[in-house]
């Protein structure tokens, strides 16, 4: 099993480091790391440092740092506009998409979104998505932490503008005739993928997205849930872009 990954604000510059705070507590108390065990420190921006535990304290571990690496940002970037879903389906989507390699998630207040993010509730919901992405990135040993956009969410107008600026934009739609497996992909820039909420994407929204340059695509004959559609699409794109 690979070494566990812990996120830090910035990688230490010296040869030794004390991992404390919530991450140190998790390492010492939850995962119960022992002297001699390996771990990875990551700054969430591509930088990682392999380390070895030399001392275990109460809620902290002292480590000695070994190899440092830096991973360039992915290009093209994979951005998923995720329609806000009810219950925990949105968080399930965020978790799985992070593990699958998404670079940015945009919470979208679609016209058919049952749940609406308003006031403090909206910021709390967005922060929960960000926390879910953070934990999923750690589990997946990702050196890059995906960004969760939105203030706290994005309107259809804002999504349309984002699609117009993308190098390629696709809308998952069950009535589409073109398949994502054969759609033309760019060599660089952003690939933006729109996933609707439980009730799907309205005709008016599809029209707006088309006019912005987005292409409706399908994955196959089955209709996927909002919590799994983005994951399946990311898997297709990751394979086609040789990420996998």
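Run down 44, 24 and say which single residue is under 24 Å from residue 144 (Cβ atoms), surrounded by 13 or more Cβ atoms within 10 Å (Cβ to Cβ) and touching a residue at least 60 places away in the same chain (Cβ under 8 Å).
44
Go through the stretch 190-240 residue by residue and tally those that are touching a residue at least 24 places away in the same chain (Cβ under 8 Å) and under 17 Å from the mean Cα position of the chain (by Cα).
19
Of the residues that make up the stretch 44-51, is at least one in a helix (DSSP H, G or I), more than 23 Å from residue 98 (Cα to Cα) and at pLDDT 95 or above?
No.
Does the stretch 47-69 contain any residue that is under 26 Å from residue 233 (Cβ atoms) and surrounded by fewer than 19 Cβ atoms within 10 Å (Cβ to Cβ)?
Checking the stretch 47-69: not a single residue is under 26 Å from residue 233 (Cβ atoms) and surrounded by fewer than 19 Cβ atoms within 10 Å (Cβ to Cβ).
Just to be sure, is residue 128 farther than 24 Å from residue 208 by Cα, at pLDDT 95 or above, buried (at least 16 other Cβ atoms within 10 Å of the Cβ) and out of contact with any helix residue (DSSP H, G or I) (no Cβ under 6 Å at 6 or more places or on another chain)?
No; evaluated as a whole, the condition is false for this residue.
Restricting the stretch 91-136 to residues that are touching a strand residue (DSSP E or B) at 6+ places or on another chain (Cβ under 6 Å) and assigned to a loop (DSSP other than H, G, I, E, B), which is nearest to residue 44 (Cα to Cα)?
My answer is 103.
Within the stretch 161-170, does at least one residue satisfy the condition of being in contact with a helix residue (DSSP H, G or I) (Cβ under 7 Å, 6 or more places away or on another chain) and assigned to a loop (DSSP other than H, G, I, E, B)?
No: the stretch 161-170 contains no residue that is in contact with a helix residue (DSSP H, G or I) (Cβ under 7 Å, 6 or more places away or on another chain) and assigned to a loop (DSSP other than H, G, I, E, B).
The values are calculated or read from the model by the stated rules, or taken from the named source; none is laboratory data. None of the values given here were measured: they were computed from a predicted structure. Note that each Cβ is placed from the backbone with ideal geometry, even for glycine, and that neighbours are counted across all protein chains shown.
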